[in-house]
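One structure below.
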Amino acid sequence: MKFCSVGVVLALCFFPNLISGNAHAVIARAQVEENSAAPEPLYSETEAWEEKFRAIPAPENLRAYMQKLTARPHHLGSAYDRENAEWILAKFQEWGLDAEIESYDVLFPTPKERIVQLVSPTNFTAGLQEPVIPEDATSAQQDEQLPGYHAYSADGDVTAELVYVNYGIPADYEYLDRLGISVQGKIVIAKYGGSWRGIKPKVAAEHGAVGCLIYSDPQGDGYVKGDEYPAGPWRTPDAVQRGSVMDMPLYPGDPLTPGVGATKNAKRLKRSEVETFTKIPVLPLSHADALPLLAALDGPVVPESWRGALPLTYHIGPGPARVRLKVESSWDMKEIYNVIAKIAGHKYPDEWIIRGNHHDAWVSGATDPISGMVALMEEARAMSELVKAGWRPKRTLVYCAWDAEEQGLIGSTEWAEEHAAELRSKAAVYINTDGNLRGYLTMLGSHTLERFINNVAKSIDDPETRFSVWERVQRKKISAAKSSEARAELRTRGDLRINALGSGSDYTAFLDHLGIASLHLGFSGEGGYGVYHSAYDSFHWYTNFGDADFVYGRALAQTTGTAVMRLAEAEVLPFNFENFAETVTTYLDELKELAEKMRDDTAETNRQIADGVFEAIQDPKGDSPGPPKKHDPPPFLNFAPLENAMANVQRSASHYEQAVTRFRESGSESPAGLNQKLIQAEQALTLPEGLPDRPWFKHQMYAPGFYTGYGVKTLPAVREAIEQRKWSEVDPNIVKVADVLQKFSQHLESAAALLRP
Ligand SMILES: [Zn+2]
C-alpha cells in the first residue's frame, strides 16, 4: 500500500467522528493534493511538437484577421456576416483543413419601430442612437448597424407609470413587496447586471409589469470605472448594450426548433407556441436616455445597495413618471453560417477534439467575439503548419466558427442538436473561447478536466511577466484570498480550482444538452471593458484599449492549441475524476449548509415578525420596508443518498486514478473501448428527462440558474428546489441525482477494470 492511502487511513483513525460528510471532503482533498503532485503523464513525443506549435501563432496575423472581420457590422443575417463566414472558410481551406459551411434557417426579429418617451410630468423622447465618434471609423457605419434593441422581445405599445426595480431580479421584488409597491400594470426600469438580461423582463412579467427597460448605469461600466471612450475604455453616456432576451434557461437556440437542428425540413413551432420570447416589450437604454426617466420618479428613496452612479437621488416610484414604450419587430427567417473545419486523426479518427468560437457580433464585435475568433484561426493555421511538417494527430480536430451566438447560442446549438447522435459517440472534449482581453487566464469547465487544464496552463508563458499563465493566476488568487486557509490551499492543492460552467457562450449545448466534457478559456482582468454589445466594440477600441499588440491573443492560441494537441495525442484521454469527486462533494456540503441556514433564517425571521421587530424599526415617515414574507419552517432534508453516492464516486475515482497511473507507466496502447467509456463518462452525469421544468438541460451537475441565466447552479435540481422552497421536490430530486452519481461511480469502476491486466 502506497504512502498516500496510509495517510488517508490515518485521517480516519485520528478523527473517527469525521465519518460524516466532511470526512469525505477531507479524504477527497487529500487524494487531490497527493495526486496533483503525481508526475504529469508524459507527452514526450508531443513535447517537441508542442514547442514547435507554440512558436507559430503570430500577433500580426491576429491583428490582420481582426481588421478584416470587424471592417463592417456582421450580425446574424447581414451581408458581411455571410462574407466573414466565407472568408473564414477560404482561410481554413487555404491552410489545408477539410472545411465547409453548415447553414440553418432561424427566426430573427429586427426592430421596425422603437419608442421610449417620458409623457409626464414632463416630455422627453429617448434618442436611442449611438453617435459617431470621429476617432472610430466604424462607428460611422450607422446605416448598416443594428440599432439598440433586445432580440426576441415581444412586440407591444404600452404607456404606464414607471417603477425602478434595481437589477430586477427576484430578491428586488421581495424588497418591493416589503414596501408594498406592486409593478402590476407598470413599466419597470432595471439596471444591467446581477443576472442574464433575459431574466429581467421574465421576472417583471411574472409580477404583472407591462413593459421593461434595461439601462447601463455608469456604476457598472461607465465613468465611475475610468475614462469614457474614446479617451479611455469605459462606456459613454450614449452607448447602448444590445442583446438577446430570450428565456435561455428554458432552452437556447432557435426558438422555433427546441431540441432539433433548424435544418430546412425541421419541424418548427408556430411563433404563438414559443415559450422563450418575452411576455412584455423590452428595450435597452443608454444612461443618457435613462436619466430623465429616473429623475422623474418620486416615492421611496432606494436603499444603498440599489443606488447607481447617476447624478440624482434614486427613487423607486411608482411615478409620477409615465412612460410610453413601443417595440415592433419584423420577425424574419434568416440563414446562418457555421464554418466547420477538420484535421482527420490517423489512429482514432472517430474521437473528436472540438474547438469553437463564434464569428457573429451585434455590431463590429472586435472584443466580442473576434478577439477569440482570430486566436482560433491562428491556432488552426499553426496546426496545419505542423501537419505540413509531418505531425499527424491521433484524434480528429474539429475547428468551429459559430454564427448567431449573440441571439441565443443559435449556431452552436443547432449544430449540436442536428449532430447529437454522432457527437455523443465521437466528441471527447469541447473547448470554447469567446472574447479575449489581457491579464489572467480564466478557466471554467467540467471538473473531470480540472487537472488537465491546470497542467496545460503550467506550460504557457505569460506574455507580460516572467511567470507561466498558471503561476500568474495562482499569485493573483493568493493576493485576493480572504483567509489563510484559502492561501494555504492555493499553495498546496497543486491544481487551481476551475469554475463550473453556467451559460453565456457556445459551450452550453455541448455540456448541458449533450453531456460532453467542456472547457471555456480566455484572458481578462487587466484594463477596462466598457463597450460590450455597443457600436464602439471596434477595431479602434480594441487596438487602443484591448489586447492592443495581440500577445494575449497569441497566448490564448498557445493555451487552447496545447490543450488540443495533448487531448489529440494522449493514448488514454486525460480525464481525472478525483478532482471532480472532491469538487462535487463541496457542492453537497454547500447544499447542506444552505438548507440549515434557510431553516435558521426562517425561524429567526418568523420570530422577529412575531416579536414586532420589523414593526419597531419601521420609520412611519420614512421609506423603510415592512416585515418580510412569513415562510413555513423548512423541513429536515435527507442528504444520505447523495452522501453515500459521493462516497462511492470518490472510491471509484481513486480506483480509476490508481489503475490509469499504473497503466500510463506501462506505456502500452489504450485498451479497446476505454476511451469510448471515458467519452461517455460526462454523459453518465446527464438524465434523458433533463432538469425539472426544463428538459433541454440534461446535465445534473451543472446548469445556468432558472433565475440567473448566466450564473451556474451546481446540483441544480436539488439546489433550485431548496432555493425556491419547493420542499416536496427536494428529497425526490436528491434520490434522482444520487442515482445518477451511483451509476457514474459504476461507470468509473468499469473503466478501471479495463485498465487492470
Ligand atoms: Zn460572445
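With respect to the cross-link table entries LYS342/LYS394; LYS426/LYS458; LYS342/LYS388; LYS52/LYS458; LYS225/LYS482, which display a Cα-Cα separation exceeding 19 Å?
Those over the limit are LYS426/LYS458; LYS225/LYS482.
Hey, could you pull the Cα Rg and Dmax for the stretch 373-455, both in Å?
Using the Cα atoms of the stretch 373-455, the pair Rg, Dmax is 14.9, 41 Å.
Along the Cα→Cβ direction, 7 angstrom out, place labels at VAL613 and SER483. What is the inter-label distance in nm?
Each label point lies 7 Å from its Cα, and together they span 2.4 nm.
Please get the size of the charge dipole for the chain, origin at its Cα centre, with Cβ charges of +1 on Lys and Arg and -1 on Asp and Glu, quoted in debye to the nearest 20.
Dipole about the Cα centre, nearest 20: 960 debye.
Check each of the trypsin sites (Lys or Arg not before Pro) in the stretch 450-552 and keep only those in coil by DSSP with at most 10 other C-beta atoms within 10 angstrom; list them in order.
ARG466, LYS482
Using Cα positions and a limit of under 12 Å, work out the aspartates and glutamates in reach of LYS112, with same-chain residues fewer than 8 apart set aside.
Cross-link targets: ASP155, GLU328, ASP332.
Given an 8 Å cut-off on Cα distances and at least 6 residues of separation, report the relative contact order of the chain as a percent.
18
Using the Kirkwood radius over C-alpha pairs as Rh, can you work out the diffusion coefficient of the stretch 113-184 via Stokes-Einstein at 37 °C, viscosity 0.692 mPa s, in µm² per second?
D, rounded to a whole number, is 207 µm²/s.
What Kirkwood Rh does the stretch 568-615 have if only Cα atoms enter the pairwise 1/r average? Answer in Å.
One over the average 1/r among Cα pairs gives 14.3 Å for the stretch 568-615.
Would you mind computing, in nm to one decimal, how far apart the modelled labels at GLU113 and THR125 are, each placed 7 Å from Cα along Cα→Cβ?
Here the modelled spin labels are 1.3 nm apart.
Under a 1.4 Å probe, what is the accessible area of the stretch 140-240 per residue, stated in Å²?
On a per-residue basis, the stretch 140-240 sits at 32 Å².
Classify the stretch 455-542 as rounded, prolate or oblate, taking a ≥ b ≥ c as the square roots of the eigenvalues of its Cα gyration tensor: rounded when a/c is under 1.5, otherwise prolate if a/b is larger than b/c and oblate if not.
oblate
Rounded to the nearest 5, what is the percent of antiparallel bridges among the DSSP beta bridges in the chain?
Once the DSSP bridges in the chain are tallied, antiparallel ones form about 60 percent.
Using the Cα centre of the chain as origin and beta-carbon charges of +1 (Lys, Arg) and -1 (Asp, Glu), tell me which of ALA99, GLN407, VAL572 is placed farthest towards the positive end of the dipole.
VAL572
From the phi of every residue in the stretch 343-357, what ³J(HN,Hα) in whole Hz does the Karplus formula 6.51 cos²θ - 1.76 cosθ + 1.60 yield, where θ is phi - 60° and glycine or proline is x?
10, 5, x, 8, 10, 10, x, 8, 10, 10, 10, 10, 10, x, 7
How far apart, in nm, are two points set 7 Å out from the Cα along the Cα-to-Cβ line at GLU144 and at ARG466?
Distance between label points: 4.7 nm.
So, with +1 on the Cβ of K and R and -1 on the Cβ of D and E, and no other charges, what is the size of the charge dipole of the stretch 579-755 about its Cα centre, to the nearest 20 debye?
Around 440 debye, computed over the stretch 579-755.
Mean Kyte-Doolittle of at least -1.0 and a Cα length of 20 Å or more along the axis: which whole DSSP H helices of the chain meet both?
21-36, 79-94, 372-388, 551-569, 578-610, 640-666, 727-755
If all Cα-Cα distances of the chain are sorted into 20 Å bins from 0 onward, what percent lands in each bin, rounded to whole numbers?
P(r) for the chain, in whole percents per bin: 16, 49, 31, 4, 0.
I'd like the distance separating the alpha-carbon centroids of the stretch 124-154 and the stretch 467-538, in whole Å.
31
Okay, helix-only estimate at 222 nm for the chain: each DSSP H run of n ≥ 4 adds -39500 (n - 2.57), divide by all residues, round to 500 deg cm²/dmol; what do you get?
The helix contribution divided over the chain gives -12500 deg cm²/dmol.
Which one, ASN454, SER483, VAL469, is farthest towards the positive end of the dipole of the stretch 453-500 when Lys and Arg carry +1 and Asp and Glu -1 on their Cβ?
SER483
The values are calculated or read from the model by the stated rules, or taken from the named source; none is laboratory data. Here the structure is a predicted model, which is why all the values come from computation and not from measurement. Every residue, glycine among them, receives a Cβ derived from its backbone with ideal geometry; neighbour counts consider all protein chains shown. Ligands, DNA and RNA are stripped out before the accessible areas are found, and what is left, the full protein with its side chains, is counted by its heavy atoms. Shrake-Rupley method; radii C 1.70, N 1.55, O 1.52, S 1.80 Å.
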